[in-house]
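J.: Mind having a look at this structure? Questions to follow.
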Amino acid sequence: GDAGFKALIEGVDLTERAMLSALERHGVKKLAPEGEKFDPNFHQAMFEVPNPDVPANTVVQVVQPGYSIGDRVLRPAMVGVAKGGPKFAAAEAPVEPGPVNEQAEKDA
């Protein structure tokens, strides 16, 4: 009945914790990037969410966490990304003007 179900849940939780602990000992880290700037090297965008409260390209929801070992991504985190907010890079680093593309100006 109910006691058997609770024991099953407890056993599954213990197994998950033991597995995550073993993976961590071998250098595997969980990627839970909520609130970070979207990085295509570590994240896979699943959808965009209109959200003017946070900077554009901010991870607002983690659908499935990712995993990495050292600098190598085992599985990218599947995430939802904000759009419509202020630009993320504007606060981090000023954009330096590059060389003028004369052909682009003629086409405009």
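Values in this text are rule-based calculations from the coordinates and carry no lab data. The shown structure was predicted, so the numbers you read here are calculated from the model rather than taken from an experiment. Virtual Cβ from ideal backbone geometry, glycine too; neighbours counted across all protein chains shown.
J.: For a Förster distance of 25 Å, can you work out the FRET efficiency between the beta-carbons of Glu48 and Val28, rounded to the nearest 0.05? Show your work: numbers first, answer last.
T.: Numbers: r = 29 Å, r/R0 = 1.17.
The calculated FRET efficiency here is 0.30.
J.: Continuing with this model, one more query. Tell me, what ³J(HN,Hα) does each residue in the range 63-80 have, in order and in whole Hz, if you take phi through Karplus 6.51 cos²θ - 1.76 cosθ + 1.60 with θ = phi - 60° and put x for Gly and Pro?
T.: 7, 8, x, x, 9, 9, 10, x, 8, 8, 7, 7, 8, x, 6, 8, 9, x
J.: On the first, second and third principal axes, largest extent first, how far apart are the outermost C-alpha atoms of the range 2-88 in Å?
T.: Taking the Cα atoms of the range 2-88, the three principal extents are 50, 35, 16 Å.
J.: Using the Karplus curve 6.51 cos²θ - 1.76 cosθ + 1.60 with θ = phi - 60°, what ³J(HN,Hα) values do you get for each residue of the range 57-62, in whole Hz, with x for Gly and Pro?
T.: Calculated HN-Hα couplings, in order: 6, 8, 6, 10, 8, 9 Hz.
J.: For the charge dipole of the range 1-75, defined by +1 on Lys and Arg C-beta atoms and -1 on Asp and Glu C-beta atoms about the Cα centroid, which residue among Phe5, Met19, Pro52 has the Cα displaced farthest towards the positive pole?
T.: Met19
J.: Can you tell me the FRET efficiency between Thr15 and Lys87 if r is taken as the Cβ-Cβ distance and R0 is 41 Å, rounded to the nearest 0.05? Intermediate results must be reported in sequence, preceding the final value.
T.: Details: r = 44 Å, r/R0 = 1.08.
In this case the efficiency is close to 0.40.
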